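The values are calculated or read from the model by the stated rules, or taken from the named source; none is laboratory data. Fair warning: this is a prediction, and the values are worked out from it, not measured in the lab. Here the Cβ is made from the backbone with ideal geometry for all residues, glycine too, and neighbour counts use every protein chain on show. For the accessible areas, the whole protein counts, side chains as well, though only heavy atoms, and no ligand, DNA or RNA atoms are used. Shrake-Rupley method; radii C 1.70, N 1.55, O 1.52, S 1.80 Å.
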Amino acid sequence: YRVTIANANVPNMVGQISTLLAGAGLNIIDMVNKSHENIAVTLMDVDVKPSEQTIAGVAAIDGVLSVRCLECE
């Protein structure tokens, strides 16, 4: 499963997201984070389908602009 996140390019965004995913029992098996000026895009491949609550938790992080899970539907 791939979680795609658009977020503000500020310190600790990846840390907050990865901590939340780990707390939900997900293992990040691959990750890419690219930024340009004030915006970053983070792609995280995880080993287990994230719950709707986990996706909502990521979306609720201050600075997250959008989040989507590919192959989750």
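Counting charges near Asn7 (Lys, Arg +1; Asp, Glu -1) among other residues having Cβ under 14 Å from its Cβ returns a value of 0. Just the protein heavy atoms count here, and of the accessible area of the chain at 1.4 Å, carbon and sulfur take up 50 percent.
Between amide H atoms placed 1.01 Å from N, distances below 5 Å from Asn9 occur with Ile39, Ala40, all of them 5 or more places distant or on a separate chain. Per-residue Karplus couplings for the range 6-11, computed as 6.51 cos²θ - 1.76 cosθ + 1.60 with θ equal to phi - 60°, are listed in order as 9, 8, 5, 8, 10, x Hz, Gly and Pro entered as x.
Overall shape of the range 15-68 was characterised from the C-alpha gyration tensor. The equivalent ellipsoid obtained from it has semi-axes of 19, 13, 9 Å, in decreasing order.
Full extension of the chain between Ala8 and Gln53 gives 14.1 nm of extra length, using 0.36 nm per residue less the Cα-Cα distance.
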